[in-house]
Amino acid sequence: MDSSLIALIVLSLCLGCGCWLVFLWAVKKGEFEDIERPKHRMLDDEDEP
């Protein structure tokens, strides 16, 4: 096999694992707890007269 092909495979595996780790970090941080609330929040932020 060509050495550049092996390097690209290793690079893609490292990038894939990095993205997976960022996703797991976001889940543990609670970023995906309430995905419905932000779209309704703009209706609640009206100024009181």
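In degrees from 0 to 90, rounded to the nearest 10, what is the angle of the helix 3-29 Cα long axis to the longest principal axis of the chain?
The angle comes out at about 20 degrees.
Would you mind checking the radius of gyration and Dmax of the chain based on alpha-carbon positions, in Å?
Reported Rg and Dmax, both Å: 20.6, 72.
Read-outs: derived from the displayed coordinates by stated rules, not from any lab. Owing to the predicted nature of the structure, the values given are computational and were not obtained by experimental measurement.
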